[in-house]
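Report on one structure; see the data block that follows.
What follows is calculated from the coordinates using simple rules that are stated; it is not laboratory data. All values derive from a computational prediction rather than experimental measurement. Cβ sites come from the backbone with ideal geometry, for glycine too, and all protein chains shown count toward neighbours.
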Amino acid sequence: MKMNRLVGQLAILGLAAHAGAGMAQAEAGSQLERVEITGSSIKRVKDEGALPVQVITRKDIERQGIVSAEQLIATLSINGNGMDNLASNADVAAGQARGNNGASSANLRGQGAASTLVLLNGRRVAAHGLNGGVVDLNSIPMSAIERVEILKDGASALYGTDAIAGVINFILRKNYSGLEAETFADITEAGGGNIGRVKLTGGFGDLGADKFNVLASVSYSDAKLLRGDQRDFVNTFQPNRGLSVDTRGTPYATVFAISSLYNALSRDNLSTAGRSTGPVQPGTSVAMNGINALDLPGQAGCSSIAGQAAYDEVLWSTPSAKWGCAWDTGRAAVLQQPVQSTNAVLRGTLALAEHQVFAEFVGGHVVSSKSFSPSQITSSTSTTNPFYNLAYPSTGEAYNSVFNAMAAVFPSIEANRGQPLALRWRCMPCGNREIETTADTQRLLVGAEGPLAGAWDYRTGVSIATSKTTSLLQHGYFYSKPFAALINNGTLNPFAADGISQSATALAALDAVRADGVTLYGGKYTLQQADFTASGPVMKLPAGDLMAAVGTDLRTEKYRFNGNATDAATQATIFNAPFDSVNTLDTVKRDIKAVFVELLVPVFKKLEATVAVRRDDYTGFGATTNPKFSLRYQPLDQLMVRASATRGFRVPTFNQLYNGITESTYAGKDLVDPLNCAGGVVDATKPGCAAITPTILTGGKPALGPEKSRQWSWGFVWSPRPEVTLGADWWQIRKTGTIQAISLTDMVKNFGLFPDNFLRDASGTLLAIDNRNVNAGETITKGVDLSLRGTQKLGDGRLTVGLEGSYLLDKRSRLITSAPMGASEIGVFTRSGDLGLRWKHSLSGSYEEGVWGFAVIQRWRAGYKDAQLPGVANGSVAPPDWRPNVAKYITHDLSVSYRGIRNLGLTFGIKNLTNDDPPFSAAYDSNTGAGSSWEPRVADPRGRSYTITASYKFL
């Protein structure tokens with residue numbers, strides 16, 4: 001097969017070049033940078049295509065000290081700032097976030113991980129076994145990567161679902177001959193979070209000379225744990241800056257008044273009146289509750305226990321918590337989850353005349369450990385709660401000291417001396433809650449390519465890919481009833497002087513009730529695929545050949561989730577473990593049949609148009625047709641102008657469709673029927689405004705349809721001289737029918753927009769609210785991407801400079817398409833979803849001379865408006881050092897490489913050269929406990945680190 005013919009045909013296809021192609025990826029809709037990457041990273045005008053693609057070579061990756069796909073994606077200016085990395089999912093998770101145990105994902109354009117298509121050698125891989133919808137980047141074998149190509153445009157017309165925001169194609173090495181070993185270490189200056197990797201790559205045979213090649217690569221990487229208490233910037237107790245923690249579950253227990261116990265905070269020992277509110281603060285009318293003895297006058301103070309400080313009742317607008325202590329949950333958070341991954345690649349290629357036949361196996365074994373704060377134990381009045389009537393007895397060794405401290409301030413409770421203490425306690429002796437997740441992924445691919453009749457070529461393949469994932473309780477969970485007995489009988493002491501120490505008897509008893517090793521849940525995703533593509537010239541036009549590509553893509557996707565790996569009876573006995581039996585799925589599947597055609601039309605010498613259309617037929621959804629049109633115009637040798645318009649779609653994940661339906665009675669007393677109570681406030685004296693407790697439905701919805709998108713882009717590439725290229729591309733993505741879980745508060749507030757979600761009987765009485773996902777919303781995102789590449793001979797070497805930047809112009813959304821579009825979401829804090837930063841860039845410079853190489857990279861992330869705690873938001877307090885905005889985050893990396901010793905390569909680097917901490921943020925989530933004075937969606941918590949890479953070629 002002649003090289004120029006293959007380049008032209010791949011340009012027509014717009015498909016990512018697979019490992020057998022031996023050249024840069026072709027851009028969707030037209031030629032993408034038809035260049036040999038080796039030897040130059042300059043993007044010449046003649047090599048630019050109708051759509052923008054960023055190419056990152058293996059050399060670029062090594063120079064930056066990157067060993068994982070997650071690290072690489074985090075450096076991209078076009079990647080969003082969602083809850084997609086391991087640091088963002090290191091705390092308590094709720095809802096569908098359980099599928100992120102040990103997984104990280106890509107999120108181009110901030111459209112969500114499910115809207116970014118991840119490919120390996122141009123073909124799909126299996127989604128993570130727990131979430132069944134998004135590829136886990138940890139499964140990508142980075143040690144065998146030749147380059148990574150990022151298509152910055154929608155591509156459903158070529159790839160089908162998930163390609164709304166773009167495509168990331170990881171391309172493996174091929175036709176390699178030799179044996180090379182490499183070791184890498186990334187050591188932090190402050191300790192914790194170190195990363196290491198070793199890899200071995202070997203190959204023999206040459207496709208040109210020997211007509212065959214065999215390639216094998218194996219690697220092992222180990223990212224160590226980084227705890228919050230290993231970094232000084234993690235400090236939730238900064239009330240002067242508007243931040244304080246909202247948890248009175250402390251290592252030294254807090255005493256609470258509850259109505260079902262004769263406890264020390266009851267007003268008297270005879271009547272139940274007022275028992276749930278606690279004693280009144282002398283000189284005020286405020287009933288106190290949640291009293292920590294350490295905070296009372298004359299006592300040691302909250303801060304006498306590591307990680308504790310006084311609860312800030314002003315910031316949280318809770319006057320009754322005046323004598324409470326709080327605990328910094330950020331100290332227990334894991335800023336970098338420990339991940340050990342083993343990856344292997346085996347590929348064999350046989351050249352038969354002009355054809356190539358190949359078989360490829362890619363496998364990965366990834367073990368991660370999610371760790372977060374120890375369990376909070378709270379006495380309960382509910383008979384179904386495992387801690388019903390939980391109380392520390394008057395015979396406990398710490399009882400008198402606690403009771404005496406409170407009675408000195410609240411003399412009225414003296415009559416209750418001898419009664420047990422209802423409490424809330426952070427069980428530090430229990431240890432952090434840890435969930436270990438093991439993911440085994442593999443893909444077996446057999447394919448062929450070569451010439452057909454005339455000047456046409458073909459490309460075909462058959463593959464099967466799987467991801468089997470299991471999570472288990474590693475540590476910090478225990479069986480409820482025997483654990484409660486240890487407090488009720490005084491064996492465990494929640495009032496230990498240091499908040500931790502327990503007797504040897506207590507520790508042995510605690511170990512006896514642990515649930516270590518119990519399986520939490522598991523899942524398996526399977527992808528079977530067969531594809532065939534043919535391409536070649538159709539006819540001769542005055543400006544050149546009319547080229548065409550036609551193809552078909554057949555897939556079967558299967559998903560199984562086992563939430564009952566542990567029997568229901570055992571699940572019910574383990575406290576706080578996030579079992580998920582309601583979402584157990586026997587194998588569900590869908591078949592996809594797709595055909596596509598693409599035409600490259602040379603309109604005249606300097607203008608070419610590409611038209612592509614793909615039709616997908618999905619089991620359960622029917623058919624969808626998605627076209628794409630692009631233009632490439634080059635009026636001057638130094639200038640190229642390009643534009644595109646396309647439609648895209650994303651089908652719901654299996655979880656969104658088939659999760660079990662949970663029916664739960666609304667437990668609060670603050671909900672009214674919005675149809676009958678215009679004010680929306682509970683007031684029993686007003687008709688229709690009495691509190692209601694309807695059934696709330698959550699879970700999967702089989703009736704969900706696909707999200708749809710319309711996208712546009714236009715831009716230019718200008719090369720005033722051969723060594724310099726400047727590019728700019730404007731883009732817009734408009735999604736409709738977005739799949740969203742609208743909060744119950746928003747649904748009730750906007751009940752007129754969702755009438756079918758409020759289920760009533762014949763008389764109109766509200767019985768239930770369907771709070772499951774809906775296809776209703778619309779989002780619009782606009783931006784401009786800038787790129788600059790330049791090289792210049794300097795002395796005896798060569799200097800190269802590059803810039804990749806992304807500027808957001810607009811980011812808005814609305815609940816349904818008929819509602820007004822919301823306010824701008826750019827630079828505004830949001831608890832979930834994507835944090836839209838106005839500007840992000842990576843600026844790089846490198847200099848190579850002889851055996852030496854030097855490189856520096858600046859990464860820039862713009863600031864944004866910070867979150868506000870209730871006291872700041874309602875104006876009741878103005879902290880003296882509070883600032884409304886989070887500062888921008890800028891880091892610099894430096895590397896030096898040396899290849900002056902035969903067969904040996906050495907690279908030394910410094911990450912975060914100036915050792916900048918993540919910027920301060922006042923964000924704190926009182927629902928999950930997440931938040932510790934920094935934002936993991938933006939910043940890297942590791943600080944300055946030193947990297948060294950050593951490689952040696954044996955053959």
Next item on the list: Starting with the highest mean, order 371-377, 497-503 by the number of other Cβ atoms within 10 Å, averaged over the residues of each peptide.
Entry: 371-377, 497-503
Next item on the list: Using the charge dipole of the chain (Lys, Arg: +1 at Cβ; Asp, Glu: -1 at Cβ; taken about the Cα centre), state which of 166, 375, 692 has its Cα farthest towards the positive end.
Entry: 166
Next item on the list: Quick one: of 224/865; 840/865; 224/911; 628/701; 865/888, which pairs are farther than 21 Å apart, Cα to Cα?
Entry: 224/865; 628/701
Next item on the list: Using amide H atoms built 1.01 Å from N in the peptide plane, name the residues 5+ places from residue 833, or on other chains, whose amide H lies under 5 Å from its own.
Entry: 83
Next item on the list: Work out from phi, with θ = phi - 60° and the Karplus expression 6.51 cos²θ - 1.76 cosθ + 1.60, the ³J(HN,Hα) of each residue of the stretch 240-246, listed in order in whole Hz, and give x for Gly and Pro.
Entry: 5, 10, x, 10, 7, 7, 10
Notebook entry, point to check: Which value at 222 nm does the chain reach when only helices count, each DSSP H run of 4 or more adding -39,500 (n - 2.57), with the total divided by all residues and rounded to the nearest 500 deg cm²/dmol?
Noted result: -2000 deg cm²/dmol
Item checked: Centre separation in Å (Cα based) which lies between the stretch 816-854 and the stretch 162-204 -> 24
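What is the chain's relative contact order, in percent, from Cα pairs under 8 angstrom and six or more apart in sequence?
The value is 13 percent.
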Next item on the list: Work out which trypsin sites (Lys or Arg not before Pro) in the chain are exposed loop sites (DSSP not H, G, I, E or B, at most 11 other Cβ within 10 Å) and give the longest gap free of them.
Entry: 3-604
Checklist line | Farthest toward positive dipole pole in the chain [+1 Lys/Arg, -1 Asp/Glu at C-beta], among 566, 204, 410 | finding: 204
Notebook entry, point to check: Quick one: what do you get for the chain if you divide its Cα Rg by 2.2 N^0.38 Å?
Noted result: 1.02
Note to self: Need one number: nm distance between label points at residue 667 and residue 730, each 7 Å from Cα along Cα→Cβ, rounded to one decimal.
What the structure shows: 5.2
Next item on the list: List the relative contact order of the stretch 647-751 as a percent without decimals, with contacts defined as Cα pairs under 8 Å and 6+ residues apart.
Entry: 29
Next item on the list: If a/c stays under 1.5 just call it rounded; otherwise compare a/b with b/c (prolate if a/b is bigger, oblate if not). Do that for the stretch 290-410, with a ≥ b ≥ c from the square roots of the Cα gyration tensor eigenvalues.
Entry: prolate
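What percentage of all Cα-Cα pairs in the stretch 607-718 are separated by more than 19 Å?
Looking at the stretch 607-718, the distances longer than 19 Å represent 69 percent of pairs.
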Next item on the list: In whole angstrom, note down how far apart the Cα centers of the stretch 583-617 and the stretch 349-374 are.
Entry: 25
Next item on the list: Provide Rg over Rh for the stretch 721-857; use the alpha carbon set for both Rg and the Kirkwood Rh (inverse mean inverse pair distance).
Entry: 1.28
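Could you give the size of the charge dipole of the stretch 653-739 about its Cα centre, using +1 on the Cβ of each K and R and -1 on the Cβ of each D and E, expressed in debye and rounded to the nearest 20?
The dipole magnitude comes to about 260 debye.
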Notebook entry, point to check: Rounded to two decimals, what ratio of Rg to Rh does the stretch 518-568 give with C-alpha atoms and a Kirkwood Rh?
Noted result: 1.51
Notebook entry, point to check: For the stretch 806-955, what is the per residue volume of the convex hull drawn over the alpha-carbon atoms, in cubic angstrom?
Noted result: 188
Check: Radius of gyration and Dmax for the stretch 118-183's Cα atoms, expressed in Å?
Finding: 13.9, 41
Checklist line | the chain: Cys lacking any partner C-beta under 4.7 angstrom | finding: none
Notebook entry, point to check: Rg and Dmax of the stretch 411-461 over Cα atoms: what are they, in angstrom?
Noted result: 34.6, 101
Notebook entry, point to check: Under the definition of Cα pairs under 8 Å and six or more residues apart, what whole-number percent is the relative contact order of the stretch 296-366?
Noted result: 21
Next item on the list: With viscosity set to 1.002 mPa s and temperature to 20 °C, compute the Stokes-Einstein D of the stretch 881-955, Rh being the Kirkwood radius across alpha carbon pairs; µm²/s, no decimals.
Entry: 139
Next item on the list: Pull out the extension gain between residue 581 and residue 210, defined as 0.36 nm times the separation in residues minus the alpha carbon to alpha carbon distance; nm, one decimal.
Entry: 128.0 nm
Next item on the list: Would you mind giving the average projected area, over all directions, of the Cα convex hull of the stretch 796-865 in nm² with one decimal?
Entry: 6.8
Note to self: Please give me, ordered by residue number, the chymotrypsin sites (Phe, Trp or Tyr not before Pro) of the stretch 701-747 that lie in loop per DSSP and have at most 12 other Cβ atoms within 10 Å.
What the structure shows: none
Item checked: Percent of alpha-carbon pairs separated by more than 21 Å within the stretch 444-531 -> 61
Notebook entry, point to check: Taking GluC sites (Glu not before Pro) that fall in a DSSP loop and have at most 14 other Cβ atoms within 10 Å as cut points, what is the longest piece of the chain between them?
Noted result: 398-955
